[in-house]
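Okay, structure first, notes after.
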Amino acid sequence: MKNLVFLIFLIIISFTVNADSNFKTINLPKGVSIDVPINWQVISNNQRITLDAYVETLYEPIDSDFPFAANYYNDNSEVEALLNIRYYPWMEITQEDVFNASSDEVQYLDSILNENILLSMKDVGKLLSWNGTKKEYINGIIVLVTEYRRYLNTTKDSGRVRLVRVLNDNKSFTLTVSYDDRRQNSFMLEGITNRIIESLSISN
């Protein structure tokens, strides 16, 4: 019995180490960091580069308000999952404002977002479902998470999309994470995208 318990312990430890080794922490502007799978490819100047190559250039100034995007490609070079971060340096809403926002205010924001997403999808696809916007806490940060499903005409895929909004004055940004939830490996992609979101951190 002791040997069996010890074996299970070793398996759990091995799984944890391997899982961690499959991700790399990326430090981005304004103190933001996320964990990204090492087999995802960064999109820079419309070109695909490895995560390691991108990390080597992070010491250079990044002026863009859209500084980071990465995709997961399958063996057929089709995008099955993606993430990107866009900053909003003009934002004046603070973390305290979000903390104090009432449920009615969150619902109002959600209705505006729904209208905007519907308009943006008009010529490229369609909105399949809308799960709304809610407050969540991630590593001490209060965020507004909007979730929906959409279909794209170009790629013919149905994707689950989550917009993780951090409203933090001139350090505000949105982390967008999505994956094709019709794939056979969608369970794996769900776990990976959950890990990305849960790793979100901001240094003071």
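Residues of the range 136-149 that are within 16 Å of the chain's Cα centre (by Cα) and of a type outside the set (S, T, N, Q): GLU136, TYR137, ILE138, ILE141, ILE142, VAL143, LEU144, VAL145, GLU147, TYR148, ARG149.
Condition check for SER186 on (1) small (Gly, Ala, Ser); (2) closer than 24 Å to TRP40 by Cβ; (3) in contact with a helix residue (DSSP H, G or I) (Cβ under 8 Å, 6 or more places away or on another chain): one failure, at (3).
Can you say whether ASN131 is more than 19 Å from ALA70 (Cβ to Cβ), in a strand (DSSP E or B) and in contact with a strand residue (DSSP E or B) (Cβ under 9 Å, 6 or more places away or on another chain), as far as the supplied structure shows? Yes; evaluated as a whole, the condition is true for this residue.
Are any of the residues in the range 122-129 over 26 Å from GLY31 (Cα atoms) and crowded, with 18+ Cβ neighbours inside 10 Å? Checked the range 122-129: at least one residue is over 26 Å from GLY31 (Cα atoms) and crowded, with 18+ Cβ neighbours inside 10 Å. Note on the range 146-165: residues that are under 12 Å from LEU82 (Cβ atoms) and either surrounded by fewer than 16 Cβ atoms within 10 Å (Cβ to Cβ) or touching a residue at least 24 places away in the same chain (Cβ under 8 Å) (or both) amount to 5. Restricting the range 166-197 to residues that are among the hydrophobic types (A, V, I, L, M, F, W, C) and in a helix (DSSP H, G or I) leaves a set whose member that is surrounded by the most Cβ atoms within 10 Å (Cβ to Cβ) is ILE192. When the range 26-39 is filtered for residues that are outside any strand (DSSP E or B) and in contact (Cβ under 8 Å) with a residue 40 or more places away in the chain, the ones remaining, listed by number, are LEU28, PRO29, LYS30, GLY31.
Taken together, the values in this text are just the output of simple stated rules run on the coordinates, not laboratory data. Note that the structure is predicted; figures quoted are calculated from it, not measured. Glycine also receives a Cβ, built like all others from the backbone with ideal geometry; neighbour counts cover every protein chain displayed.
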